[in-house]
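These notes are about the structure you will find just below.
The values are calculated or read from the model by the stated rules, or taken from the named source; none is laboratory data. The structure presented is a predicted model; accordingly, all values stated were derived computationally and were not measured. Cβ coordinates were reconstructed from backbone atoms using ideal geometry, including for glycine residues, and neighbour counts include every protein chain displayed. For the accessible areas, the whole protein counts, side chains as well, though only heavy atoms, and no ligand, DNA or RNA atoms are used. Shrake-Rupley method; radii C 1.70, N 1.55, O 1.52, S 1.80 Å.
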Amino acid sequence: MAESATSLDLHDPPWRARVTLPVLVAVAALVAIVSSLGAPLIPSIARSDRVSLSTGEWVLTAALLAGALATPAMGRLADGTRKRMVIVFALVAVFAGCVLSAVSTGFAVLALGRGLQGVGLGLLPVTMAIARSQFTPDKTARAVATLSVSAAVGAGLGYPITSLIAQFYDYRGAFWFGAITVALALLLVVIVLPPHSDGHSRRFDYLGMATLGTAVVGVSVVLSEGGEWRWTSARSLGLIAFSLVMAGVWAAHELRITDPLIDIRQVRNRSVLTADTSAFLIAVAMYLFLPIIIEFVQIPVTSGYGFGTSILVSGLVFVPLSFGSFAASRCLTAYTNRFGVRSMIPFGSVLFAVSTLFFALEHSALWEAFVAAGIAGIGIGFTFAAMPGFIIQAVPASETGSAMGLYQVLRSIGLSLGSALASAVLISYTKSGRTYPTYEGFRVTLVIATALCATTAVLSFVMPGTSARTAIAPSSELKELMKEESEVESAGLMLSEERPDTGTSSGRE
């Protein structure tokens, strides 16, 4: 990627250079806000559309699925000279999704709209790629840090803002708010960002995209609907078998071609495998916990459990989560200087397990939900901050981008599968004709999340082997990347990408 701002310096008016970063910041913040149009609205959507709470989970699962598939595609397309086109396409999809959800007359249409909104989850790396191609090196670091903080702040503010709107204008008002803000961002992008930027286009892997998408969607559908279909039914088993075949075709194809969508060869490195496995498991656990705690606090007390709070109060539960992940990012330098990177994933995983188990056992007062969310935020911040460190210090600089690409995809797939699995558990504990599951459904979901976090803690300590104990201290650039990762994780946003300089890498074990 070019280190000079050739597009801006040679061809564009001076005002464009001054307003490019504010526009990118606006896009990053608004995407984080739109990403909050999910979990707090699920109970009210379920009541309004007369579907079960487990079916209502699809407003979250659909967006996460779309984000999981859009992220690698957008990352590849943004490698070229048309980064603005990628942003415009994504914002148009998000705008259409917001409008479709706002005017929907049935749950299926609303879920489709949420799927379109999920395309925006992969936008943050693209805005950072534009910043790197349009700004000089001395300004790039500040620009990327600003984008990261903007996304974190947008996530923290998005939940209470959208919940407040939904409280007074129902959930459709929240989607209209999203549509208006995205339209404004789209207008600014078209006016301000240059149509062309530095970069080198690569051949797009259509077969890899199709086979991966088919496998992920198939598994998600089975997880969400398997309880209703029966897990041993021909439909469930057939779809599972088909998804596994598609996953095998995808893996074989990615290993065969020279320019794959995702380079899976990197998992032969134990540190990379540790980060990828941990990212997937923690991502699954995240969405076995985040929507569950929000739904729990909104359940009417007449059901025998829950707190019967408003959408606004439930949205505020996510604020400690954002503060926790942000606080973790502020402690990273002191932690890595004292303990190194190796123990960060086990430490964060244990904290996350403590939060899920705590709420599974103690949920008699609303304050316990806020405490659990705060502890979870700290744990999430530490775990996801450490993963880029494991990868970047283990592979040569020339292979960082491909290694981080696999990490991104596994993380985003984990988020969508976690949401689908939560739906599967809840539906198995929902009696026919009822909107809400029994209390045991929530408890089982949280126990599964706890088990996944504990498993991650053990695996992330054992898998790296002895080489990780003598790994070099992370560079200042790598520490900055780790801090950025920690800040945006509470929104479920994708961030990691190849950096021009992230410090020394051994490239071998």
Report task. Please enumerate the residues belonging to region 429-444 that are at negative phi, free of Cβ contacts under 8 Å to residues at least 24 places away in the same chain and more than 28 Å from the chain's Cα centre (by Cα). Result -> 431, 432, 438
Report summary line: By residue number, the members of region 350-375 that are part of a loop (DSSP other than H, G, I, E, B) and buried (at least 21 other Cβ atoms within 10 Å of the Cβ) are 363
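One line per residue, one yes/no per condition, for (1) in a helix (DSSP H, G or I); (2) modelled with pLDDT under 65:
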| residue | (1), (2) |
| --- | --- |
| 410 | yes, no |
| 426 | yes, no |
| 443 | yes, no |
| 449 | yes, no |
| 460 | yes, no |
| 477 | yes, yes |
| 488 | yes, yes |
| 502 | no, yes |
Query raised in the report: Taking region 314-330, which residues are part of a helix (DSSP H, G or I) and within 17 Å of residue 33 (Cα to Cα)?
Result: 314, 315, 316, 318, 319, 320, 321, 322, 323, 325, 326
Query raised in the report: With 404, 344 as the choices, which residue is of a type outside the set (Val, Ile, Thr) and in contact (Cβ under 8 Å) with a residue 60 or more places away in the chain?
Result: 404
Query raised in the report: Is region 225-233 home to any residue that is part of a helix (DSSP H, G or I), modelled with pLDDT of 85 or more and either of a type in the set (S, T, N, Q) or open to solvent by less than 20 Å² (accessible area, probe 1.4 Å) (or both)?
Result: no
Query raised in the report: Has region 15-28 got at least one residue that is touching a Gly at 6+ places or on another chain (Cβ under 9 Å), modelled with pLDDT of 75 or more and over 16 Å from residue 130 (Cα atoms)?
Result: no
Query raised in the report: Which residues, counting only those in region 336-349, are open to solvent by 10 Å² or more (accessible area, probe 1.4 Å) and not in a loop (DSSP other than H, G, I, E, B)?
Result: 336, 337, 338, 339, 346, 347
Report summary line: Looking across region 431-469 at residues that are within 19 Å of residue 289 (Cβ to Cβ) and among the polar types (S, T, N, Q), the single one that is most open to solvent (accessible area, probe 1.4 Å) is 455
Requested in this report: Look at residue 191 and say whether it is surrounded by fewer than 16 Cβ atoms within 10 Å (Cβ to Cβ) and at pLDDT 85 or above.
Outcome: yes
Report task. Test residue 340 against the stated conditions and say whether it is on the phi > 0 side of the Ramachandran plot, at pLDDT below 90 and small (Gly, Ala, Ser). Result -> yes
Report task. Considering only region 66-122, state which residues are part of a loop (DSSP other than H, G, I, E, B), open to solvent by 20 Å² or more (accessible area, probe 1.4 Å) and touching a residue at least 24 places away in the same chain (Cβ under 8 Å). Result -> 79, 81, 82, 106
Query raised in the report: Of the residues 277, 302, 309, 333, which single one is outside any helix (DSSP H, G or I) and surrounded by fewer than 24 Cβ atoms within 10 Å (Cβ to Cβ)?
Result: 309
Query raised in the report: Counting just the residues of region 246-260 that are within 13 Å of residue 203 (Cβ to Cβ) and of a type outside the set (Ser, Thr, Tyr), which one comes out least open to solvent (accessible area, probe 1.4 Å)?
Result: 260
Query - Of all residues in region 237-272 being of a type in the set (Ser, Thr, Tyr) and part of a helix (DSSP H, G or I), the one that is modelled with the highest pLDDT - result: 243
